[in-house]
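Trainee: Below is the structure I would like to discuss, written out as structure tokens.
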Amino acid sequence: MNIANEMNNEDVLRIKLEVLRREHRDLDAAIRALEEMGPVADQFTTRRLKKQKLTLKDRIAALEDQLTPDIIA
């Protein structure tokens, strides 16, 4: 049996969310390492990584919205 079949939708979303958060942290570390290199750092690569990081942030926010119940005040 496939483990995804045994997990409910919320569990799958939480796992995806954790994977995206880990990728976001890894990108943050890579960007910091490039920026610490000073003027030797490849600016194109730094910009590309920052764009990827923003995309991940948007995906993280979308998953968090799916996991947060709608509360009608």
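Bear in mind these aren't lab numbers, they're just calculated from the coordinates by the rules spelled out. Remember, it's a predicted structure, so these values are computed and weren't measured experimentally. Every residue, glycine among them, receives a Cβ derived from its backbone with ideal geometry; neighbour counts consider all protein chains shown.
Trainee: At each listed q (0.18, 0.26 Å⁻¹), what is the log10 of I(q)/I(0) that the Debye formula gives for the range 9-66 modelled as equal alpha-carbon point scatterers?
Mentor: -0.62, -0.96
Trainee: Using Cα-Cα distances under 8 Å and only pairs 6 or more residues apart, what relative contact order does the chain have, in percent?
Mentor: After rounding, I find 41 percent.
Trainee: Just want the answer: with Cβ charges of +1 for Lys and Arg and -1 for Asp and Glu, which residue in 62, 19, 43 is farthest toward the dipole's positive end in the chain?
Mentor: Positive-most Cα among the choices belongs to 43.
Trainee: Which whole-angstrom value gives the distance between the alpha carbon centres of the range 54-73 and the range 6-40?
Mentor: 16
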